2 protein chains.
Amino acid sequence: MSKHEWEQDPAELLRVGEDFALKEVDADATPGFSGDKEDGEEELLRREEVLDDLQERLFASRHEGGPAVLLVLQAMDTAGKGGIVRHVVGGVDPQGVELAAFKAPTPQELEHDFLWRVEKRLPRPGFIGVFDRSHYEDVLIGRVRELADAAEIERRYEAIVEFERRITASGIRIVKVMLHISRDEQKARLMERLERPDKYWKYNPGDVDERMLWDGYMAAYQTVLERTATPDAPWYVVPANAKWYARLAVQELLIDVLQDIDPQWPEAGFDVEAEKKRLEAS
Amino acid sequence: MSKHEWEQDPAELLRVGEDFALKEVDADATPGFSGDKEDGEEELLRREEVLDDLQERLFASRHEGGPAVLLVLQAMDTAGKGGIVRHVVGGVDPQGVELAAFKAPTPQELEHDFLWRVEKRLPRPGFIGVFDRSHYEDVLIGRVRELADAAEIERRYEAIVEFERRITASGIRIVKVMLHISRDEQKARLMERLERPDKYWKYNPGDVDERMLWDGYMAAYQTVLERTATPDAPWYVVPANAKWYARLAVQELLIDVLQDIDPQWPEAGFDVEAEKKRLEAS
């Protein structure tokens, strides 16, 4: 094993288990990977082929009731959700990916239960779905900004666990990722957006308002992780101050779940030799 | 100008104009590009940065009523639509792309006018939409397989021109591409799918049935090109026996239309210096 490879499976190292404490996670760390940024970027490209092959097999073997993968991305602003979509998910065939970015709910969405809009965006069998934010916003900003009362927030944790149990049983493998950056790192990243005119469009004054509620968000995340990490729908907290590490780790989490599904090329649903003859004659 | 660059703009060379005759197009040709496959693959990567930058600007500057791009891909089976999506469109941020693959219409879709399902998948401002097949199927297979009578097919050409005029006026820039392969090349590509178990899933016996109607399809394409190539919604016929050339040409067509839109980084919608101070204090 080359020194640039994973030394320990990030799925084991980063999975939220009993007695997990978010405040003990070092956002600068690169657990399980001993290499530096350059090594990490090389490894990302090398493993892209593995992910690509697995995704194509998943897609090729898709069938009603068959497996799908759902990657849920949650994070504070600037933590790098977009980079995961771009550099990890972007490494596979876009035809097999279904992206859903959840913004503040529309008036129509608010008329329904909070899971209504999420259900509609679940990936079809054979697809990798990616949620850029998700139903977890309803127990994060929903709690921190008091958009719902405490009893309703309480109800939602249970509702989420039930919902995820049902969709898992239907064949969707859920990988939930919190990209974890430090407060200082967020400040530096927001400042960069204010210093580069080609980055202004990514800056929103509301980002600083949310930042001021940092401790409240961390407490809300801690509760989410305690209440909704289940064996079937695990949470992974990925240190994300080093963007290259976060990308590499999420790539490996996807590879892991796909290897577990172990999709196979489907057999021909036709007589191969007969088709060769028909084609030859055509 | 290096010998590997475009010598003539493919948008001019490949655009369908007056007196266009599909049967005169050489599917093996690589018009406007003097390099070989290796040169072409290098150029694709080099120009990817240009396309990527333009796409990000388009996305960054998106606003209600603003411009979008719609790439319509039509072709006989195996011509390489999927490769365009993968290797050309896949080079830009997936968050700014909206893919729509149109299959045989569902019973619900058949209850509506043929443009109903298409309208729903038009790209939002700031996005690049890609149609993998499109409303043109309704005047291609629709005509060849006689799924509608002659009067209805005739009505559809007019309806398409009106529809495209309206969506162009609404801000969508349409780039319509027919990937053109030869009949022999299609046979070779289908045969490869029958020779490799990891390609069986891409083979459908119906592909040979369609292939047997090749001349009918070419006649239907010829009529489509004559009737629906307009200044606002031009058709490009891209020789596609060389996959690398087809990808390079479509990439350049997208670059062309984006350069014509010339999207600019939006100005800050906030007081940059004041925000720096707020952020610093947070």
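The values are calculated or read from the model by the stated rules, or taken from the named source; none is laboratory data. The structure presented is a predicted model; accordingly, all values stated were derived computationally and were not measured. Glycine gets a Cβ as well: all are built from the backbone with ideal geometry, and neighbour counts include every protein chain shown. All accessible areas refer to the heavy atoms of the entire protein, side chains included, with ligands and DNA or RNA removed. Shrake-Rupley method; radii C 1.70, N 1.55, O 1.52, S 1.80 Å.
When the GluC sites (Glu not before Pro) in segment A:205-282 are filtered for DSSP coil states and for at most 12 other beta-carbon atoms within 10 Å of their beta-carbon, the remaining sites are A:GLU267. In this structure, the amide hydrogen of B:TRP235, modeled 1.01 Å from its nitrogen in the peptide plane, lies closer than 5 angstrom to those of B:VAL16, B:THR230, counting only residues at least 5 positions away or on a different chain.
With all protein chains present, calculate the accessible area of A:ASP207 using a 1.4 Å probe and round the result to the nearest 10 Å². A:ASP207 exposes around 20 Å² with every protein chain in place. Over the C-alpha trace of segment A:7-73, radius of gyration and Dmax come out as 16.0, 43 angstrom. The spread of Cα positions in segment A:58-187, taken along each principal axis and listed from longest to shortest, comes to 45, 35, 24 Å. Build a GNM of chain B with springs between Cα atoms under 10 Å apart, and of B:GLU56, B:GLU195, B:GLU38 the one that fluctuates most is B:GLU195. Summing charges over neighbours of A:HIS112, with a neighbour being any other residue whose Cβ is under 11 Å away from its Cβ, gives -2 when K and R count +1 and D and E count -1.
Partner shielding of B:141-154 amounts to 0, given as the average count of beta-carbon atoms from other chains within 10 Å of each residue beta-carbon. A probe of 1.4 angstrom, applied to the heavy atoms of all protein chains, finds A:MET191 with accessible area near 30 square angstrom. DSSP finds beta bridges in the protein assembly as shown, and of those with both partners inside it, around 10 percent are antiparallel. For segment B:73-114, accessible area lost to neighbouring protein chains reaches 50 Å² or more, against the chain alone with a 1.4 Å probe, at B:ARG86, B:PRO94, B:GLN95.
Label point 7 Å out from A:LYS276 along Cα-to-Cβ: which residues of segment B:154-189 have amide N under 18 Å? Those under the cut-off are B:187-189.
Comparing B:HIS180, B:HIS87, B:HIS63 in a Gaussian network model of chain B (Cα springs below 10 Å), the most mobile by mean-square fluctuation is B:HIS63.
For chain A, the longest principal axis of the alpha carbon atoms and the long axis of helix A:243-261 meet at an angle near 50°. Between the Cα long axis of helix B:183-195 and the first principal axis of chain B there is an angle of about 80°, rounded to the nearest 10.
Computed over protein heavy atoms with a 1.4 Å probe, the carbon and sulfur contribution to the accessible area of segment B:15-55 reaches 42%. Across identical copies of the chain, A:SER282 has label-point separations of 5.9 nm, listed in ascending order, with the point defined 7 angstrom from Cα along Cα→Cβ.
Between copies, the label points of B:GLY66, set 7 Å from Cα on the Cα→Cβ line, lie 3.9 nm apart, reported in increasing order to one decimal in nanometres. Label-to-label distance, A:GLU7 versus A:GLU111, with points set 7 angstrom from Cα along the beta-carbon direction: 5.7 nm.
Each of B:ASP209, A:ASP198, A:ASP149 has its accessible area taken with a 1.4 Å probe; listed largest first, they run A:ASP149, B:ASP209, A:ASP198.
Computed over chain A, the Cα gyration tensor eigenvalues convert (square root of 5λ each) into semi-axes of 34, 24, 19 Å, ordered from largest to smallest. With its label point defined 7 Å out from Cα along the Cα-to-Cβ axis, A:GLU12 lies at 6.3 nm from the matching points of the other copies, in increasing order. Summarising the amide proton neighbourhood of A:PHE20: residues at separation of 5 or more, or on other chains, whose placed amide H is nearer than 5 Å comprise an empty set.
Shown here for segment B:1-81: trypsin sites (Lys or Arg not before Pro) in loop regions (DSSP other than H, G, I, E, B) with at most 14 other Cβ atoms within 10 Å, namely B:LYS3. Spacing of the modelled spin labels on A:ARG183 and B:THR168, each 7 Å from Cα toward Cβ, amounts to 5.6 nm. Rounded to whole numbers, the Karplus 3J(HN,Hα) couplings from phi for segment B:117-128 are 6, 6, 3, 5, 9, 5, x, 6, x, x, 9, 9 Hz, using 6.51 cos²θ - 1.76 cosθ + 1.60 with θ = phi - 60°, and x at Gly and Pro.
In square angstrom and rounded to 100, what buried accessible area do you get between chains B and A, total over both, with the probe at 1.4 Å?
Adding both sides of the contact gives about 4100 Å².
Computed over the alpha-carbon pairs of the protein assembly as shown, the distance histogram in 20 Å steps reads 18, 51, 28, 3 percent, short to long.
Across chain A, Cα pairs under 8 Å and at least six residues apart give a relative contact order of 32 percent. Shown here for segment B:85-133: trypsin sites (Lys or Arg not before Pro) in loop regions (DSSP other than H, G, I, E, B) with at most 10 other Cβ atoms within 10 Å, namely B:LYS103, B:LYS120. B:GLU192 sits with roughly 80 Å² accessible to a 1.4 Å probe, with DNA, RNA and ligands left out of the calculation.
Using C-alpha pairs under 8 Å with a sequence gap of at least 6, the mean separation divided by the residue count of segment B:101-152 gives a relative contact order of 38 percent.
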